[in-house]
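Everything below concerns the one structure shown next.
Here, each number is a calculation from the coordinates, and none is a lab measurement. Keep in mind it's a predicted model, so treat the numbers as computed, not measured. Cβ placement follows ideal geometry from the backbone for every residue including glycine, while neighbour counts extend to all protein chains displayed.
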Amino acid sequence: MAEHPTDGERRALAALETSGVPFEITRHGPVSSLAEAAEARGVQPADIVKTIVVRRGDEDYLFVLVPGDRAISWPKLRALLGVSRLSMPDAGTARDVTGYERGTITPFGSLRDLPVVADSRVPGRPVSIGGGAHGVAATLAGDDVVRALGATVSDVTEPAQG
């Protein structure tokens, strides 16, 4: 671990260790783009998996795992969940729900055990997911992420714009 790991990093690493899946931790300095993050982690941009907190209703949240080069397709996600409305909570609410700041959020070690939806592009390859602190990531098999989190796998994304 880093010399002074954050509470979030300690929580995420403990949850990864408890999950029993093999993983590798990468620590890097600040990055300002997906391309920089991918280079620092030694992966392709599509292999970085963003953990997005989505609000389904009052105090009803879930995680959506989205490949770095993609964005949530709200119509696909609403259809999968059988709801007519979804939203993203503000940064403070996301922190209260997960214990992580935006940019560090991971389902591993979240304060709340939330349902997880993984885009269909997550399984079948190595992925890099947030490690609970800025500049900390865990690389592991996408199949292990899905299995360890009990994730529902579905095509819920579209190519990112811009």
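Values as computed for the structure displayed
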item: Number of the exception - V97 against (1) among the hydrophobic types (A, V, I, L, M, F, W, C); (2) in contact (Cβ under 8 Å) with a residue 40 or more places away in the chain; (3) in contact with a helix residue (DSSP H, G or I) (Cβ under 7 Å, 6 or more places away or on another chain); result: (3)
item: Residue within region 61-74 that is under 17 Å from A138 (Cα atoms) and not in a strand (DSSP E or B) present; result: yes
item: Those residues of region 115-145 which are among the hydrophobic types (A, V, I, L, M, F, W, C) and either part of a strand (DSSP E or B) or surrounded by fewer than 19 Cβ atoms within 10 Å (Cβ to Cβ) (or both), in sequence order; result: V116, V117, A118, V127, I129, V136, A137, A138, L140, A141
item: Candidate set: region 29-58, residues that are aliphatic (A, V, I, L, M) and surrounded by fewer than 17 Cβ atoms within 10 Å (Cβ to Cβ); chosen: the one farthest from L80 (Cα to Cα); result: V31
item: Count of residues meeting criterion [closer than 18 Å to I48 by Cβ, of a type outside the set (D, E) and not in a loop (DSSP other than H, G, I, E, B)] in region 17-35; result: 5
item: Filtered residue count, region 88-109, keeping only those that are more than 21 Å from S19 (Cα to Cα) and among the aliphatic types (A, V, I, L, M); result: 3
item: Residues of region 1-30 that turn out to be more than 17 Å from the chain's Cα centre (by Cα) and of a type in the set (V, I, T), as a count; result: 2
item: Checking R10 against (1) among the basic types (K, R); (2) surrounded by fewer than 17 Cβ atoms within 10 Å (Cβ to Cβ); (3) in contact with a strand residue (DSSP E or B) (Cβ under 7 Å, 6 or more places away or on another chain), the condition it does not meet; result: (3)
item: Residue match in region 98-111 (condition: buried (at least 22 other Cβ atoms within 10 Å of the Cβ), part of a loop (DSSP other than H, G, I, E, B) and among the aromatic types (F, W, Y)); result: yes
item: Residues that are surrounded by fewer than 15 Cβ atoms within 10 Å (Cβ to Cβ) and either β-branched (V, I, T) or in contact (Cβ under 8 Å) with a residue 12 or more places away in the chain (or both), drawn from region 76-87; result: V83, S87
item: Qualifying positions in region 17-26 - at negative phi and out of contact with any Gly (no Cβ under 8 Å at 6 or more places or on another chain); result: E17, T18, S19, V21, P22, F23, E24
item: Residues being more than 18 Å from G99 (Cα to Cα) and either part of a strand (DSSP E or B) or among the charged types (D, E, K, R) (or both) - total across region 36-57; result: 8
